[in-house]
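The block underneath contains the structure these notes are about, expressed in structure tokens.
The values are calculated or read from the model by the stated rules, or taken from the named source; none is laboratory data. Please read all numbers here as calculations on a predicted model, not as lab measurements. Virtual Cβ from ideal backbone geometry, glycine too; neighbours counted across all protein chains shown.
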Amino acid sequence: MAKYSHDTVVPFKDSELGKKQQIANMFDRIAFRYDFLNRFLSGGIDIYWRKKAIRELAAVPRSKILDVATGTADMAIMMTRYLSPEKITGIDISTGMLEIGRQKIARLKLEGQVELYTGDSEAIHFPDNSFDAISVAFGVRNFENLEKGLQEMLRVLRPGGRLVVLEFSQPKKAGFRQLYEIYLRLVAPGIGRLLSKSREAYAYLNESVKAFPEGEDFVGILDKNGYIHTRLKRLSLGICTIYIGEKRG
């Protein structure tokens, strides 16, 4: 399997832990502020991005959906509102994020529709062809082995099912791109340190976004790993991108 530069980008440079464990530890640390910082740092536009990604699942059967890197279950909860599937299963490696997600699900009385499990995107503990659709919002950058994660998701997707990935990308428009880079490099880490006591998490955001094989490069990686009908849709001048792929029927 090919390795990509973002596979080796880690939050804590002086740690001997692998990327996967570092990511779990990082999200455990910031879980208590994660939802607030998402809204604050994006000006709330992340909700619009998620809705746009969810719409890409509206045209396919979706009685059983897997939300990979579910975090605090934002995406899973939104899908109950807009798609009304029979069951949504969310997996994440951060127990701290999942605990916040379970509290939100209980508060909204969605326990019958959404179930969250500690789980690794690169070793998904479900049988082949288990899910009608899979979503990943801002999670593929955090995979330790991108291709392994994509292959695992394809394995548990049923034939004809659809994968929708929502991920940060880099704007192409001159001027706006430079402003965005300054924001990611200086503003977001500074606010992250102030409000979550973890500058590393938001410095990692900048480094991983820059290293991620975005755009047509990522579409090519989906093709290489067995997905068909692959495509992308850029949002908000390229700050964020939706990627779509399907499993051969």
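When segment 136-166 is filtered for residues that are touching a Lys or Arg at 6+ places or on another chain (Cβ under 6 Å) and not aliphatic (A, V, I, L, M), the ones remaining, listed by number, are Glu144, Pro159, Gly161.
Taken over segment 55-73, the residue count meeting the criterion of being surrounded by fewer than 23 Cβ atoms within 10 Å (Cβ to Cβ) and under 26 Å from Asp28 (Cα atoms) is 0.
Contact annotation: residue pairs with Cβ atoms under 9 Å, 6 or more positions apart or on different chains, pairing a residue in segment 106-124 that is among the charged types (D, E, K, R) with a partner that is in a strand (DSSP E or B), are Glu115/Lys87; Glu115/Ile88; Glu115/Thr89; Glu115/Gly90; Asp120/Ile91. Residues that are farther than 20 Å from His125 by Cβ, modelled with pLDDT under 90 and polar (S, T, N, Q): does segment 23-35 have at least one? Checked against the condition, which is being farther than 20 Å from His125 by Cβ, modelled with pLDDT under 90 and polar (S, T, N, Q), segment 23-35 yields no hits at all.
Scanning segment 69-92 for residues that are among the small types (Gly, Ala, Ser) and modelled with pLDDT of 95 or more, we see that the one that is nearest to Leu57 (Cα to Cα) is Ala76. Contact map, segment 1-29: first residue over 21 Å from Glu147 (Cα atoms), second residue in a loop (DSSP other than H, G, I, E, B) and of a type in the set (D, E, K, R), Cβ cut-off under 8 Å, separation 6 or more or different chains; pairs are Arg29/Lys197. On inspection, Phe143 qualifies as in contact with a helix residue (DSSP H, G or I) (Cβ under 6 Å, 6 or more places away or on another chain), touching a residue at least 60 places away in the same chain (Cβ under 8 Å) and closer than 25 Å to Lys224 by Cβ.
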